[in-house]
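The values are calculated or read from the model by the stated rules, or taken from the named source; none is laboratory data. Predicted model, so just to flag it, every value in this text is computed and none were measured. Ideal geometry is used to build each Cβ from the backbone, glycine not excepted, and the neighbour counts take in all protein chains shown.
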Amino acid sequence: MAGAAAPAEQISVSYRPGIKPMAYYITLLFNGLVTGGFLAMMSLGMSIIFGMMRVVNFMHGSMFMLGAVVVFVFGSYFGLSLWFGFFVAAILVGLLGVILERTLIKRLYGLDLAYILILTFGLSLIVEDIVRMFFGVTSAPFLVPDMLKGAVNLGFAFYPKYRLFVVVVSVVLCAGTWFALERTRLGALIRAASERPNLLKCFGGNVPLLISGTFFFASALAGLAGALAAPIRNVSPFMGEEMINFVFAVVVAGGMGSIAGSVVMGFGSGLVSAIAAIFYAPAATAVIYILMLVVLVVRPGGIFRGIDISHFALHYTPISERARRLFMSPPAALVALAAGLVLPWLVYPVLATDILLWGLFAVGFDLLFAFGGLLSFGQAAYWGTSAYVTGILMVWVGVPMPLAVIGGVFASTLAGTLFGFIVARKKGIYFSMITFAFASVVYFIVNEFADYTGGEDGLHGVIRTPLFGIDLRNDHVFYYACLIAVGLTIALVLRLLKSPYGMALLGARENERRMMSIGYNVYGLRVKAYALSCFICSIAGALYALNHQFVTLETVAWRASGDPIMMTLLGGAGTIFGPFLGGGIVLLMRNTLSSITDSGSLFIGLLFVAIVMLFRRGILGEIVHHWIDRRSATGLGPNHDTSQPEKAPMKVAGIGGIADA
Amino acid sequence: MSMLEITNLNAYYGESHVLHGVDMSVDAGEVVTLIGRNGAGKTTLLKSIIGDIPHRTGSIRFDGTEILGLSPERICKMRVGFVPEDRGIFSTLNVFENLTIGRPNGRDAWPLERIYELFPVLKARSSQKASSLSGGEQQMLAIARPLYMGASFLLLDEPTEGLAPVIVDAIGAVIKQIKQAGLTILLVEQNLPFATELADRHYLLENGHIVREMTNRQVSEEEETLLEHLGV
Amino acid sequence: MYRKWLAATCLSLSCVFVADPAAAQMKKSSFNILMLTDLSSVYSETSGPGDVEFVKMAVSDFGGKINGVPINVIVVDNKLDPALSVNKAREIIDTQGVSLMTDVSSSAAAIAIAKLANERHILTTFVSPGTTALTNEACSKYTWHYGYDTTAMSAPATKLTQEGTKKWYFIAADFAFGKSLLDSFTKAVKANGGQVLGYDLVPFPSDDFSSYLLKAQAAGAQAIGILESGQDLRNAVKQANEFGLVDAGIKIVPGQINLSDVKAIGPDAWKGVTAALIWYWNMDDESRKYTARFTKDLKFYPGDIHAGNYSAVYQVLKTVQEIGTDDPDKVTEAMEGKHFTDMFARNAVMRKRDHLVVKDTLIGQVKPSSEIKQESDFFKIIGTVPGDQAYYPESESTCKHDW
């Protein structure tokens, strides 16, 4: 390909005679400390919040960005010096954090981690879009204050004063925070509240105040980090996005809730990234994820044992047992099939096929999530891998279409199964983060092999060839072909869920220890579930490649992992057909919004927030809840609580008694 | 007038009715024990007093004030101290931090010197992480804490559970000293000899009902039957 | 009576034919222009609303009608998503009909659209994307690569190397665009006797370029080519200043540059920077005239891609008017080999073989802030490279031209 050719000579340079090599390396390491400083401050805040409230705050990245924006606005419009700007940024962002905590996040305490993650993700989209509307993508210059301009002679090299300042400030703040937490009474109160908030109440601790105060501090820290970054990085609404992904990796690898872990891992990641930049630049960002994966495999709790969160199940099945049985019943399947048959006549056929395939992808995700109790942030790795392998087989190897599809699905499922063996041992948020890191690494690999995958340009020429004599180039015909494939897959899923395996899986989601104590191999159950999920996502991905006849990096990007989560929640987790409905709504919204407005992210963010705050069961779940469960409630005693999480799977799996409260 | 007066207390866990019409009282300076088998409702009764059970009916009067509707924080401020069965230790804090986590309340709060006098091990280990303490040492910490906070009434849930006899004796000695210092104690215990050593009276609980009020002599005399009854 | 009626009928029928002869030859009843552009994400300032403004200006300069049929502009925010672009395009083609697609932000989306255009015979002018694939393996009869491509951007490298800057180091974005620039720049440097000391392919996006900049300095570079765009480019240049590279006399040469880039970090951060521009608002009277109209509606100054859209739409409409039909085959044939000069392109040729629109490429140098008398007047034009020298030769294209 003409565009992707590299120069004929490849020269790698590490140093030149005449320049002290030590100086050069040390300068680069200092740069690593600067990056590490930002990571450490951000991770510290996130870890504290997590330790205190078991909240994974996706908005942290937006707070970083807001800190930078505040400092820019006050500097440009009010002429406020950077020194004051730091304080103003920290306080304003801290206040924003507290307001959000008191109004929104507080309502979700005690509920599943997934809700808060999604809420904060939605909020970050809203904030980002609002900032973009006011400040645009670019900004005016914002330079360093005079006192910190220029460079300092460190003896072996000259180093920018401001960067040195940043390193000093971040070290001081991290050390100060550590000291406050470990050596002061306030710190003891915070640690106690993090460990056992209800117990602390008995000793007179004002837990809500401690929580809000901690949230303020962590947010202020993020805002301050952003303010510090403003002079040396370009201030833009998207500043927080990349940052937040790294921060997650650092926090998880350091040990969730461990301050020392976050700080050490933060600075460490910065250094590792700087070193990687010396030797193999393209890996500079991927290396942070690889580091995280290595740490988690070698030392599962993070390098410093953080809070033990292995007993955190990730439940998100607010639908009742009755409702679930309804969704898995033949009438529901028939209704769905009928809807599927008419869809391409209501909606543009290629879009209809997209809805079908994204819906199937989301079902693959939902299988793990609602039925297995595992929230995966990386199913796009299989959706995309399958699409790429199918495409590569057809375009470069010349394999006929049906075999290529089989090949793509097989390769992707195999990769998923192998990865499943590693990852099924992890639970809760660790599971989620590892799947996220893995998907990031897959993205990196796909981009690295741009000669085959087309990289940013994408892989084109994945042509639909006739199958069994039928010409698939007609979009309607292809839609029905996909409908058959999707229908068969859903039938398989339903079959499995109703089988003993399915019941066992649900039992393991409810109470792992109990299942293990009666002899179930929970680990094996999870591996199977993961492999099955990958299989489903792979089928959807291979067909997706054929639908568009090209494959691009979007299929392995973060958003492709986030979309099925959104679609599932919107349509209703655990409802089998909800993900299709959710997929339909999201795709139609995107399609229509793109012609109407440029604020698509804002709407989608609002949608997320609305789902999590107001209708957690998703559309189908809410409809069924109001229709079935309310009706049955009137026939029973006044105390009958119809919104209890299901206990039936335990009974069916052979476990009696009341589940542990 | 009794320090603690409970009248017709009923408590519920969801739909389960776990305490049925409990009537009992504790006078100032007394040590009273609750005995009964596992699941009889002893811990629930303690938790009901401290305000940790949401659904209750009846009356609980402490020092003349009705406390049934109050939150645990308020009751705690009224100088009622609770030592739960799992000791309620913050494992990430050290001994000193655990001990002083609550603020001293009132003139009767024990100063640190006095606490260290009674519990020398806490002084020795004051900067160690609480999770590194032995069971007995943790129990000492758990008992010392409400004293630091100035409690006048102590609720102790199975303080000797799982401890070696030597440690049990040490705990007994400590509780005696506390009683001598004038505190009122409501004790839940399965260890009958231990209970009779310290207590003035006993209430026998069965399936959420108080079935008997017994004297020390009665408990000693009927020890064998009681033990069978308790399923120990 | 009957005769009068017949005469009236004939007269009215002939009016229909005579009054609008061209209309009868237009295949569609309206001329729909579909814009697939980035309205809300990272390229919304260099493309986006500015492109829409100029396209609408071109349409209104034609009086809103072409050969008697109305012209409609349909704008879609493609969010740089290829799947969304293709889906929306197909849908609009099927439901409303499209005569011209223009702009198309994102190279991946462009390549996909090129295939669609070829399949459905829709004229397309790519202005935003820079990938050379559009005139090589992804070329097609109906599509034109109108804006810039990465080979033209290497003109300053040629100039500087000829003038004595021999030692180069490159920092390039690790995806097709960056690699393509790396290829062009390396060729330009070597062809003029220069030396490439080394290069780094940096993940896109990145925040911190200091490692690579210091590496370049340690290698002894006299010039560093920062083959990046948008946020990454600005970060890199900011950091080059921070580490004193600019003060040390090392020349910074970006792979491409926009007004918004200069504005974002201030002209002084770009001290002495030389870059290729395919258009500049202050280059001559023509450009200034159209800029004045632009800035009346939008509060910022237009960049090259914005102007490129005006020209693309204008030239296509002009061709349609000249030949009297919107038949895509005839229009594209009429465009092949056309020479023209307009407010955007000077001495331009619409190349027949690979459908690349080559034009004079300017070499601009960023003015220090003391010399800037007018808002957004950041560049001083220090040279012009004719199209046939700036772009790669037609013979080197791998386009099969199978039409």
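Table for the structure above
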quantity	calculated
Failed item, numbered, when A:MET46 is tested on (1) farther than 16 Å from A:ALA90 by Cα; (2) in a helix (DSSP H, G or I); (3) out of contact with any Gly (no Cβ under 8 Å at 6 or more places or on another chain); (4) not polar (S, T, N, Q)	(1)
Index of the failed condition, C:ASP284 passing every other in (1) under 20 Å from C:VAL357 (Cβ atoms); (2) crowded, with 24+ Cβ neighbours inside 10 Å	(2)
Residue match in segment B:33-44 (condition: outside any strand (DSSP E or B) and more than 21 Å from B:ASN207 (Cβ to Cβ))	no
Matching residues, segment A:177-222, being of a type outside the set (Lys, Arg), modelled with pLDDT under 85 and not in a helix (DSSP H, G or I)	A:PHE203, A:GLY204, A:GLY205, A:ASN206
Spans of helices (runs of 4 or more DSSP H) in segment A:437-532 with at least 1 residues among the hydrophobic types (A, V, I, L, M, F, W, C) and in contact with a strand residue (DSSP E or B) (Cβ under 7 Å, 6 or more places away or on another chain)	A:475-498
Residue match in segment A:131-142 (condition: crowded, with 19+ Cβ neighbours inside 10 Å and not in a loop (DSSP other than H, G, I, E, B))	yes
C:ILE93 surrounded by fewer than 24 Cβ atoms within 10 Å (Cβ to Cβ) and more than 30 Å from C:VAL262 (Cα to Cα)	yes
Lone qualifier among C:THR165, C:THR161 - being away from every other protein chain (no Cβ under 14 Å), part of a helix (DSSP H, G or I) and of a type in the set (Ser, Thr, Tyr)	C:THR161
Of residues in segment B:110-133 being small (Gly, Ala, Ser) and in contact (Cβ under 8 Å) with a residue 24 or more places away in the chain, the one farthest from B:THR160 (Cα to Cα)	B:SER127
Given (1) surrounded by fewer than 23 Cβ atoms within 10 Å (Cβ to Cβ); (2) in a helix (DSSP H, G or I); (3) at pLDDT 90 or above, number of the condition C:ILE74 does not satisfy	(2)
Where a residue in segment B:46-67 is more than 15 Å from A:ASN198 (Cα to Cα) and its partner, wherever it lies, is of a type in the set (Phe, Trp, Tyr) and surrounded by fewer than 18 Cβ atoms within 10 Å (Cβ to Cβ), with Cβ under 9 Å and at least six apart	B:HIS55/B:TYR12; B:HIS55/B:TYR13; B:ARG56/B:TYR12; B:THR57/B:TYR12
Qualifying positions in segment B:54-69 - modelled with pLDDT of 85 or more and either in a loop (DSSP other than H, G, I, E, B) or surrounded by 17 or more Cβ atoms within 10 Å (Cβ to Cβ) (or both)	B:ARG56, B:ILE60, B:ARG61, B:PHE62, B:ASP63, B:GLY64, B:ILE67, B:LEU68
Segment A:533-587: number of residues that are outside any loop (DSSP other than H, G, I, E, B), over 15 Å from A:LEU351 (Cα atoms) and of a type in the set (Ser, Thr, Tyr)	5
Any hit, segment C:97-108, residues being within 13 Å of chain A (Cβ to nearest Cβ), surrounded by fewer than 19 Cβ atoms within 10 Å (Cβ to Cβ) and part of a helix (DSSP H, G or I)	no
Residue among C:ILE323, C:ILE305, C:ILE382, C:ILE363 that alone is surrounded by fewer than 20 Cβ atoms within 10 Å (Cβ to Cβ) and under 26 Å from C:VAL273 (Cβ atoms)	C:ILE382
Sole residue being under 30 Å from B:ILE75 (Cβ atoms), crowded, with 19+ Cβ neighbours inside 10 Å and more than 14 Å from chain B (Cβ to nearest Cβ), chosen from A:ILE190, A:ILE211, A:ILE244	A:ILE211
Matching residues in segment C:220-231 - criterion: being facing chain A (nearest Cβ under 9 Å) and either aromatic (Phe, Trp, Tyr) or surrounded by fewer than 23 Cβ atoms within 10 Å (Cβ to Cβ) (or both)	C:GLY220
